[in-house]
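Notes follow once the structure below has been shown.
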Amino acid sequence: MIPAAVALASVLVPVVTASVVSSGPVAPRYADTRVRDCAGSGSGCRPGVVVHHWHKRGSTARGVGWVYASREGVRSGTARWLVKKPGGTWKTGGGWKRAHRVGSHVETAWGRDGHTGPKYPRNTRICVEFRGLSTKACVTLK
């Protein structure tokens, strides 16, 4: 019984290996970028934004993986992120979300790592705003 299993395995392994090696086109290469901005006056970011975006080489579309918002010198806050495509108007990217205290600042985030999330054209602006604060922190997806 064991010799039959070994013989079967020796026949199947090369077939499986060959099909894996000769599979279709190579996965696309991505350029991953983090852009950040601090707004306001004084020390620290009042508010601050970090955006992780990605794109396939040569593409004009930019995928947004996650958006991070922070604000120095407060104990609590609520934030959201806004998006403006080139030639378009401001739209809400992520709804109001409570920011949690970490040391001397509060922070919150939307999205997750990986090549997931909404796609926007190159030169789209993304801003973070905190409720009750007129200053926004903005970045451009290059």
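Data overview
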| item | result |
| --- | --- |
| Filtered residues of the stretch 103-115 (kept if in contact with a Phe, Trp or Tyr (Cβ under 9 Å, 6 or more places away or on another chain) and either polar (S, T, N, Q) or assigned to a strand (DSSP E or B) (or both)) | V106, E107, T108, A109, W110, G111 |
| Qualifying position, being farther than 18 Å from D37 by Cα and over 19 Å from the mean Cα position of the chain (by Cα), among G95, G117, G87, G111 | G87 |
| Residue match in the stretch 45-64 (condition: among the aromatic types (F, W, Y), farther than 19 Å from T140 by Cα, part of a strand (DSSP E or B) and touching a residue at least 24 places away in the same chain (Cβ under 8 Å)) | no |
| Residue within the stretch 88-98 that is surrounded by 15 or more Cβ atoms within 10 Å (Cβ to Cβ) and more than 11 Å from V67 (Cβ to Cβ) present | no |
| Residues of the stretch 83-102 satisfying the condition of being of a type in the set (F, W, Y) and outside any strand (DSSP E or B) | W90 |
| Unmet criterion (only one of (1) within 17 Å of D37 (Cβ to Cβ); (2) modelled with pLDDT under 95; (3) exposed (fewer than 15 other Cβ atoms within 10 Å of the Cβ)) for N123 | (2) |
| Residues satisfying the stated conditions in the stretch 34-44, i.e. assigned to a strand (DSSP E or B), under 13 Å from C138 (Cβ atoms) and not hydrophobic (A, V, I, L, M, F, W, C) | R36, D37 |
| Condition check for G114: modelled with pLDDT under 95, surrounded by fewer than 18 Cβ atoms within 10 Å (Cβ to Cβ) and over 30 Å from P28 (Cβ atoms) | no |
| Residue in the stretch 74-82 that is within 15 Å of R125 (Cα to Cα) and either out of contact with any Asp or Glu (no Cβ under 7 Å at 6 or more places or on another chain) or not in a strand (DSSP E or B) (or both) present | yes |
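The values are calculated or read from the model by the stated rules, or taken from the named source; none is laboratory data. Owing to the predicted nature of the structure, the values given are computational and were not obtained by experimental measurement. Every residue, glycine as well, gets a Cβ built from its backbone with ideal geometry; the counts of neighbours run over all protein chains shown.
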